[in-house]
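Trainee: I have a structure I would like to understand better, so I am pasting it below and will then ask my questions one at a time.
The values are calculated or read from the model by the stated rules, or taken from the named source; none is laboratory data. Model, not experiment: these values are computed from the prediction. Positions of Cβ are generated from backbone atoms using ideal geometry, with glycine treated the same way; all protein chains shown enter the neighbour counts.
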Amino acid sequence: MHARIHPSILAADFANFERELSRITTADMVHVDVMDNHFVPNLTFGLPMVQRLVQVSPVPLDVHLMIENPDRWAVGYAEAGAASVTISVEAAGDPVEIARGIRRAGAKAAIAVKPGTDVEPYLATLEEWDMILVMTVEPGFGGQSFQTEMMPKVRRTAEAIAASGLDVRLQVDGGIASGTIAEAARHGADTFVAGSAVYGSDDPERAIAELRAEADAALSTPAH
């Protein structure tokens, strides 16, 4: 399995999204954090913005809903054209039913767990998910430091996915850059959200290639 890089537009120039998206055409997806200033203490984008980004993005959208009541809103983001919709389990009333609705609307369904949330209850329903996102920072703001103490959770999730035989991706988000991407990959992560590591570079596509190569190398030499 090859590593996937999803640059986060939280690190992009908000006044020039179409131009910023054109700088990451070699990415696998673009990560879009939807925050409502309730579930997390930050406010970013909503459904109209995502609908417009779908129209201008050269790569598919990986939308992470950091919002209250995703039971009400998640399917709308799939219907808007997002390729993947991630819900934060801490805010969800019925995560499985939300996932099924997302899939019926034509998108991949994913689930995210905050650093303090136990992933174990959700590993029993892996067949409902196309991706598990283990947050390696507290959600809400970009630019935070990678939490190494999340690696046992990443490893446990990777082991459960492997044992299931299902095609489920394992994503990490938070502090991903050269060095930390290799550490996360060695513990089994295969999909990586990178903000400043990509958009802080003079050449974002070169940064994507370097991060992907580093992660691929680490995936072939797992931690023990």
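Trainee: Check off (1) modelled with pLDDT under 95; (2) within 19 Å of SER201 (Cα to Cα) for ASP28 and give me the number that stays unchecked.
Mentor: (1)
Trainee: If a residue counts only when it is exposed (fewer than 13 other Cβ atoms within 10 Å of the Cβ) and at negative phi, which helices (runs of 4 or more DSSP H) contained entirely in segment 179-224 have at least 2 such residues?
Mentor: Hits in segment 179-224: 204-219.
Trainee: If you don't mind, there's one more thing I want to ask. Let me confirm something: among GLU183, GLU127, which residue is touching a Leu at 6+ places or on another chain (Cβ under 9 Å), modelled with pLDDT of 95 or more, more than 25 Å from ARG23 (Cβ to Cβ) and of a type outside the set (Val, Ile, Thr)?
Mentor: The match here is GLU127.
Trainee: Tell me which residues, restricted to segment 35-72, are among the hydrophobic types (A, V, I, L, M, F, W, C), modelled with pLDDT of 95 or more and in contact with a strand residue (DSSP E or B) (Cβ under 7 Å, 6 or more places away or on another chain).
Mentor: VAL50, LEU53, VAL54, VAL59, LEU61, VAL63, LEU65
Trainee: Quick check: anything in segment 31-44 over 17 Å from GLN171 (Cβ atoms), assigned to a loop (DSSP other than H, G, I, E, B) and touching a helix residue (DSSP H, G or I) at 6+ places or on another chain (Cβ under 8 Å)?
Mentor: Yes, segment 31-44 contains at least one residue that is over 17 Å from GLN171 (Cβ atoms), assigned to a loop (DSSP other than H, G, I, E, B) and touching a helix residue (DSSP H, G or I) at 6+ places or on another chain (Cβ under 8 Å).
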